[in-house]
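Worksheet for the structure shown next.
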Amino acid sequence: MEFKKHSGLISSIHLKYVKTGKLDKKSGKDLNWLFHMRGIADYGITVHVDEKDAKKTVEVAQAFFDTAKQIIPA
């Protein structure tokens, strides 16, 4: 599978894993939040990621990655 945009990949994960119950809804919400934080980090002009949110982002990303490794084939 190939995607031209991050949003396409995220939509695919929601369709194939979250909606089918292979990935829990919290993980799907975490993925959306991580994408939102990435947007702020890359493009935020008036909004910036503070240290607390940056640390939370790393923790959430690691938890999502660990969960995804268990259900998505390599």
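Results, tabulated for the structure shown:
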item	result
Exposed trypsin sites (Lys or Arg not before Pro) absent - longest run of the chain, DSSP non-H/G/I/E/B, at most 12 other C-beta within 10 Å	20-74
Those GluC sites (Glu not before Pro) in the chain that DSSP places in a loop and that have at most 16 other beta carbons within 10 Å	GLU2
Probe 1.4 Å, accessible area per residue of the chain, Å²	80
Of LYS4/LYS25; LYS4/LYS56; LYS5/LYS29, pairs whose Cα-Cα distance is over 20 Å	LYS4/LYS25; LYS4/LYS56
At q = 0.12, 0.26 Å⁻¹, base-10 log of I(q)/I(0) for the chain (Debye sum, equal scatterers on each alpha carbon)	-0.36, -1.26
Environment charge at PHE65 (Cβ cut-off 13 Å; Lys +1, Arg +1, Asp -1, Glu -1)	-2
Virtual spin-label span in nm between ILE72 and ALA54, 7 Å along Cα→Cβ	2.5
Heavy-atom accessible area ranking, 1.4 Å probe, most first, across SER12, SER7	SER7, SER12
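The values are calculated or read from the model by the stated rules, or taken from the named source; none is laboratory data. Computed from a predicted structure; not experimentally measured. Counting neighbours? That spans all protein chains shown, and the Cβs are built from the backbone with ideal geometry, glycine included. Accessible surface is based on the protein model in full, side chains and every heavy atom, while ligands, DNA and RNA are left aside. Shrake-Rupley method; radii C 1.70, N 1.55, O 1.52, S 1.80 Å.
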